[in-house]
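The values are calculated or read from the model by the stated rules, or taken from the named source; none is laboratory data. Note that the coordinates shown come from a computational prediction; the quantities given were computed from them, not determined experimentally. Please note: Cβ atoms are built from the backbone with ideal geometry, for glycine as well, and neighbour counts cover all protein chains shown.
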Amino acid sequence: MLQYLVILLDDTSVAYCHACNPLTERNLMPLDTLKKAILFGMKENLMIQYVYPDYDLPEQYEAVLESIDNVKIWGESSAATQHAALENMDVIIYNSVPDAIATKNAVLRLPIKEFIAKQYDIAALLPHVKRLNICLTDIENFNDGQIKDYSKALGTLNAVLLNLFKSGKQPQLNILTDRLQLTEMHNCGAGVSNITVAPNGKFYLCPAFYYDERTGVSNRMNHSKPSSERNVGNLDSGLDIPNQQLLKLDHAPLCRNCDAYHCNRCIWLNQKLTWDNNTPSHQQCMLAHIERNASRDLQQLLTAAEVSAGEEIKQIDYLDPFDVKKEW
C-alpha cells in the first residue's frame with residue numbers, strides 16, 4: 001500500500017540514496033506537472049517528499065509547494081537553504097563528512113572506504129543529531145577483505161551511542177539503532193510503499209530508475225518496453241507497475257526468512273547486481289548482517305548498562321542467508 005510520493009523537482013535534484021545522480025543539466029518540473037503530482041498525492045492520501053535541486057526555485061513555485069504538508073530533502077550546498085533556518089530543514093544530504101551538521105536529520109552519502117576512514121569524525125556528530133542515516137554509495141564493491149574494518153568502525157560508533165544512551169540522549173543511527181526497535185522487515189519499499197514522480201510527469205520505482213532511463217541504461221525489469229524505458233506509468237494515465245507482487249516481501253524467499261530487519265533491500269541494486277528486483281546481492285546481505293550483528297553487540301552493552309534495548313537479537317553464524325542450508 002502506497003504511503004509516500006517522492007517528487008523530483010528537477011533533473012539535478014540531490015541524490016539521497018545509494019544511486020548517484022549523473023544528470024547535470026537543469027530540467028525543472030513544469031508548474032502544471034507539479035500541481036498534477038500534488039493532486040495525485042492528495043487523492044491517494046500520500047505523504048509528499050520534495051527533492052530539491054541546488055538552486056532557488058522560481059517564486060511562483062513556493063505557494064504550490066506549500067499547498068500540502070510535505071517533507072523537504074535538500075543538498076548541503078543547496079542555494080535554497082540560504083534563505084531559511086537550517087535547523088528547520090527536514091533532511092539535508094551530505095556527500096562527505098562535515099565538521100558539523102546544521103540540522104537534526106541528516107544523511108551521509110559515503111563510499112565504504114571513506115566511512116571507515118572517517119569513523120571518528122562521524123562518531124563526533126552523533127551527540128548533535130536526532131537522526132543520522134549512513135548511505136553507502138559503492139555497495140557493489142564491498143568485499144570480504146573489508147569485513148574486519150567495517151565491523152571495527154561500527155564498534156567505534158557503538159561506543160559513542162552507548163555513552164549517549166546512558167546519559168539519556170538517544171540519537172538514531174540507521175545502521176545500528178534501527179534494528180534494536182524493529183520486529184519485522186522495514187525496507188526501502190520502492191514501488192510498494194513509495195513511488196517517485198520525475199520532472200517529465202512519469203512514475204518510477206525510485207529516482208535511480210529515472211536516472212537510468214535518462215542515461216540510456218538498458219531495462220532488465222520490463223522487456224515489453226524499449227530497452228532504456230524505466231517508467232511505470234504517468235500522472236495522466238496512472239500507475240502501471242508490472243508484476244508488482246514481485247517487489248513485495250512475501251515474494252522474496254531469501255528476505256522473508258531474514259531478520260536483518262533494517263536492511264534497505266534496495267531493488268535498484270538488486271536488479272543491477274542480481275538481475276532480479278526481489279533478490280539482494282551477496283554484498284548487500286553481507287553488509288546488512290555485519291550491521292545486524294553490531295546492533296546485537298550494542299544491545300548487549302545497553303542491557304548490561306540497564307538501558308532498554310528492544311527485543312533480543314539472536315546470535316547467528318552466517319553473514320549471507322543464502323549460505324544457510326534450508327529450503328528457500
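Details
- Qualifying residue in segment 161-169 (condition: in a helix (DSSP H, G or I), closer than 24 Å to residue 138 by Cβ and in contact with a Leu (Cβ under 9 Å, 6 or more places away or on another chain)): no
- Flag if residue 258 is under 16 Å from residue 190 (Cβ atoms), in contact (Cβ under 8 Å) with a residue 60 or more places away in the chain and not aliphatic (A, V, I, L, M): no
- Among the residues of segment 111-133, those that are crowded, with 19+ Cβ neighbours inside 10 Å and within 14 Å of the chain's Cα centre (by Cα) comprise 132, 133.
- Meets criteria (surrounded by fewer than 20 Cβ atoms within 10 Å (Cβ to Cβ) and in contact with a Pro (Cβ under 9 Å, 6 or more places away or on another chain)) for residue 249: no
- Residues within segment 72-110 that are polar (S, T, N, Q) and either modelled with pLDDT of 90 or more or surrounded by fewer than 19 Cβ atoms within 10 Å (Cβ to Cβ) (or both), tallied: 6
- Filtering segment 125-160 to residues that are part of a strand (DSSP E or B) and hydrophobic (A, V, I, L, M, F, W, C) leaves 132, 134, 135, 136.
- Residues located in segment 177-205, provided they are under 18 Å from residue 243 (Cβ atoms), in contact with a helix residue (DSSP H, G or I) (Cβ under 6 Å, 6 or more places away or on another chain) and hydrophobic (A, V, I, L, M, F, W, C): 190, 192
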